[in-house]
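Structure below; questions to follow.
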Amino acid sequence: MKILVAVKRVVDYNVKVRPKADGTGPDLANAKMSINPFCEIAVEEAVRLKEAGVASEVVVVSIGEKTSQEQIRTALALGADRGILVETGESLQPLAVAKCLKAVYDQEQPQMVLMGKQSIDGDNNQTGQMLAALAGIGQGTFASEVKVDGESVNVTREIDGGLQTVGLKLPAVVTTDLRLNEPRYASLPNIMKAKKKPLDTTTPADLGVDIAPRFEVLGVEPPPSRSAGIKVADVAELVDKLKNEAKVI
């Protein structure tokens with residue numbers, strides 16, 4: 001069983017991102033970059049399935065600039081077998097990413113695609129669902145537990161009302177949630193071994209994918225600062241301020 005894992009290069013979750021002065025986007029100059037946390041969980045789950053003898057090969061794919069090789073190498077150090085970089089200098093929207101992944105999926109023919117439920121930069125939560133639709137295969141999103149049983153997989157999903165378990169025929173797309181597992185740390189020997197693992201590079205053009213944007217970002221700005229709270233003497237004053245100042249009643 002081959003598992004394809006998608007990883008994204010994002011600003012490290014500990015970094016506080018600020019918008020550029022012209023408001024055209026976030027200021028990423030000199031910002032620390034890392035694997036998207038949800039994608040790291042997907043890599044860990046794929047490696048665990050391989051260690052359990054369920055999977056025979058774990059292939060990691062990332063889409064972005066050449067610097068995304070760093071995140072692929074990190075995934076290889078965590079236990080993946082080989083990597084694929086779809087190199088592009090464009091900032092891709094979810095549909096374009098899903099189309100690139102679909103092209104890689106067609107080439108690799110994996111039995112399962114594991115990916116984070118969303119990235120912490122765009123926060124769109126769209127790519128996994130779009131990929132499943134483009135590929136015409138089942139999907140299990142927000143996974144907190146994944147159990148493979150022969151030619152099917154049971155995915156326990158975190159939903160508003162609690163937990164839901166869905167059974168999917170393989171191949172399928174599974175997007176990972178926070179409580180699925182706790183990713184391991186890459187050891188120094190594995191980091192050194194990862195440098196020798198194969199990493200192929202292609203482009204959206206080579207894959208025959210149209211990455212033209214479907215929407216335009218008009219501006220990026222920080223949220224408005226919140227004013228300080230106040231104390232009121234009694235309920236009458238509270239009601240008066242809610243009605244005449246806040247205008248919420």
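The values are calculated or read from the model by the stated rules, or taken from the named source; none is laboratory data. Computed from a predicted structure; not experimentally measured. Neighbour counts are summed over all protein chains in view; Cβ atoms, including those assigned to glycine, are modelled from backbone coordinates with ideal geometry. Quick note on the areas: whole protein, heavy atoms, side chains included, nothing else; ligands and nucleic acids left out. Shrake-Rupley method; radii C 1.70, N 1.55, O 1.52, S 1.80 Å.
Inverting the mean 1/r over all pairs of different Cα atoms, compute the Kirkwood radius of the chain and quote it in Å. Please list the in-between numbers first.
Details: mean 1/r = 0.0504 Å⁻¹.
Radius from the Kirkwood sum: 19.9 Å.
Sticking with this one: Tilt of helix 69-78 relative to the longest C-alpha principal axis of the chain, in degrees (0 to 90, nearest 10)?
Relative to the chain, helix 69-78 is tipped by roughly 70 degrees.
Taking the Cα-to-Cβ direction at A246 and at V232 and moving 7 Å from each Cα, how far apart do the two end points lie in nm?
0.7 nm
Assigning unit charges at the beta carbon (Lys, Arg +1; Asp, Glu -1) and nothing else, what dipole magnitude in debye, to the nearest 20, does the chain show about its Cα centre?
Dipole about the Cα centre, nearest 20: 440 debye.
Okay, moving on. Regarding the stretch 79-173, what's the average projected area of the Cα-atom convex hull, expressed in nm²?
7.1 nm²
What is the sum of charges, Lys and Arg at +1 and Asp and Glu at -1, for the other residues whose Cβ falls under 13 Å from the Cβ of K196?
+4
What order, most packed first, do the peptides 130-140, 75-85 have when packing is the mean number of other Cβ atoms within 10 Å of each residue?
75-85, 130-140
Could I ask something else about it? Taking amide H positions as placed in the peptide plane 1.01 Å from N, state which residues far from E65 in sequence (5 or more) or on other chains have amide H under 5 Å from it.
Here the answer is T88, since their amide H atoms fall under 5 Å of that of E65.
Can I ask one more? Taking the Cα centre of the chain as the origin and placing charges on Cβ (Lys, Arg +1; Asp, Glu -1), which of L180, F142, A132 is farthest toward the positive end of the dipole?
L180
With contacts defined as alpha carbon pairs under 8 Å and 6 or more residues apart, what's the relative contact order of the chain in percent?
Contact order relative to length: 23 percent.
For K16, go through the lysines and keep the ones whose alpha-carbon is under 29 Å away, minus same-chain ones fewer than eight residues off.
Of all the lysines, those that pass the test against K16 - Cα under 29 Å, at least 8 places apart if same chain - are K8, K32, K66, K117.
May I ask for the net charge around P213, where only other residues with Cβ less than 14 Å from the Cβ of P213 are counted and Lys, Arg are +1 while Asp, Glu are -1?
Cβ neighbours under 14 Å give a net charge of -1.
Over the chain, with the other protein chains present, what is the accessible area per residue in square angstrom, probe 1.4 angstrom?
I get 57 Å² per residue for the chain.
Which of the peptides 18-25, 54-61, 119-126, 229-236 is most tightly packed, and how do the rest follow, going by the mean number of other Cβ atoms within 10 Å of each residue?
Sorting 18-25, 54-61, 119-126, 229-236 by mean packing, highest first, produces 54-61, 119-126, 18-25, 229-236.
Label-point separation (nm) for D149 and S187, each offset 7 Å from Cα along Cα-to-Cβ?
With each label placed 7 Å out from Cα toward Cβ, I get 3.5 nm.
Counting only other residues whose beta carbon sits under 13 Å from that of I249, what net charge do I get with K and R as +1, D and E as -1? Write down the numbers at each step before the final one.
Numbers: positive: K241, K243, K247; negative: D240, E245.
Neighbour charge sum, excluding I249 itself: +1.
Helix-derived [θ] at 222 nm for the chain: sum -39500 (n - 2.57) over DSSP H runs of at least 4, divide by residue count, nearest 500? Could you put the intermediate results ahead of the total?
On the way: 7 runs with 70 residues, N = 249.
Calculated from helices alone, the mean residue ellipticity at 222 nm is -8500 deg cm²/dmol.
Between A133 and T67, what is the FRET efficiency for a Förster distance of 41 Å, r being their Cβ-Cβ separation, to the nearest 0.05?
In this case the efficiency is close to 0.85.
Quick one: pull the percent of accessible area on the stretch 1-103 belonging to carbon and sulfur, 1.4 Å probe, ligands and nucleic acids left out.
47 percent
How far apart, in nm, are two points set 7 Å out from the Cα along the Cα-to-Cβ line at E90 and at A29?
2.7 nm
Give the angle, between 0 and 90 degrees and rounded to the nearest 10, that separates the Cα long axis of helix 235-244 from the longest principal axis of the Cα atoms of the chain.
Roughly 70 degrees between the two axes.
What are the radius of gyration and Dmax of the stretch 14-58, computed over its Cα atoms and given in Å?
Considering the stretch 14-58 through its Cα atoms, Rg and Dmax are 17.2, 52 Å.
Let me ask another. Roughly what angle does helix 94-108 make with the longest principal axis of the chain, taking Cα atoms, 0 to 90 degrees, to the nearest 10?
Once rounded, one gets 10 degrees.
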